[in-house]
């Protein structure tokens, strides 16, 4: 009986300690800051517990939407945040044996991609944005009616492994790979191998005019689902006791590559902050940031304000990260 009481007391003490580690004043300041930068929703977890889930209620200062009702959607557009999810799915497919190794040349799985065969582009090159493709923006895959066809015909600017260059096209190529090795459409592969095992629902992918699934952007989900991805990363690939993504893959995904000390397998990495962190991010400030040393996950959604200030995201940077870090005393 005494042992049982001791266990209960210790458990309560640990819960109290976790609660004491969050500075409530700093949490209020962070919420106000997110409000001022036009966020519509934030979710923050600490030691696996949601400590705040804030949603915008005042849309008077919002710009760029004619219909305010559109602003009140519960869904978030991931923009490029979904790139990081694509990297996780590749890790699962490696674990399942559908992909042998990340150092394999992509030509092994997509033999009709002649340019990749000639240049010996590997899966790792695509994951690390070092395949030789430069950022094309609106002139690239974004404006194409058949995005997969465009990607397979696009000539690289350099040989692979020479430089880092952020590229939508590289990630869309991974979508083609996913479909080749799984025998499924990319959204079906996500559902089977990642989303359903994680309990993620209310998530859909955009398609181009030819019906190709976009895996570099355009996905719609919820902030709560984004938090599930963050929790998976923090728990080294596990949901509860179930290993969804190999722990080794999580480590590799959040380890900087030799050509970009700030990028892993489609995850942005920050080793310069007071506490290191890694993030999945997208336009307008859609983001999931994980602080492993603080056991902290931060999710931000912005669906409404489309003003130039929002598009520039000038509020992002060291001060913003410190505002999050200062939550934990």
For helices (runs of 4 or more DSSP H) lying entirely in region 224-329, having 3 or more residues that are under 18 Å from the mean Cα position of the chain (by Cα) and either surrounded by fewer than 18 Cβ atoms within 10 Å (Cβ to Cβ) or at pLDDT 95 or above (or both) picks out 247-253
Checklist line | Residue within region 74-87 that is part of a helix (DSSP H, G or I) and surrounded by fewer than 21 Cβ atoms within 10 Å (Cβ to Cβ) present | finding: no
Can we say residue 118 is at pLDDT 95 or above and out of contact with any helix residue (DSSP H, G or I) (no Cβ under 9 Å at 6 or more places or on another chain)? no
Note on region 131-152: residues surrounded by fewer than 18 Cβ atoms within 10 Å (Cβ to Cβ), assigned to a loop (DSSP other than H, G, I, E, B) and under 22 Å from the mean Cα position of the chain (by Cα) are 134, 135, 136
In the set 24, 49, the lone residue that is farther than 25 Å from residue 319 by Cβ, at pLDDT 75 or above and either loosely packed, with under 13 Cβ neighbours inside 10 Å or over 26 Å from the mean Cα position of the chain (by Cα) (or both) is 49
Among 180, 155, the single one that is more than 18 Å from residue 78 (Cα to Cα) and assigned to a helix (DSSP H, G or I) is 180
Filter region 95-116 for residues that are assigned to a helix (DSSP H, G or I) and within 15 Å of residue 176 (Cα to Cα); the one that is farthest from the chain's Cα centre (by Cα) is 114
Looking at residue 71, is it surrounded by fewer than 19 Cβ atoms within 10 Å (Cβ to Cβ), outside any loop (DSSP other than H, G, I, E, B) and at pLDDT 95 or above?
no
Looking across region 196-223 at residues that are touching a residue at least 24 places away in the same chain (Cβ under 8 Å) and in a helix (DSSP H, G or I), the single one that is surrounded by the most Cβ atoms within 10 Å (Cβ to Cβ) is 223
Being outside any strand (DSSP E or B), crowded, with 16+ Cβ neighbours inside 10 Å and either modelled with pLDDT under 80 or at positive phi (or both): is that true of residue 38 here? yes
Please tell me if residue 165 is buried (at least 22 other Cβ atoms within 10 Å of the Cβ) and part of a loop (DSSP other than H, G, I, E, B).
-> no
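The values are calculated or read from the model by the stated rules, or taken from the named source; none is laboratory data. Just so it is clear, the model here is predicted, and its values are computed rather than measured. As a convention, Cβ positions derive from the backbone with ideal geometry for all residues, glycine included, and neighbour counts pool all protein chains shown.
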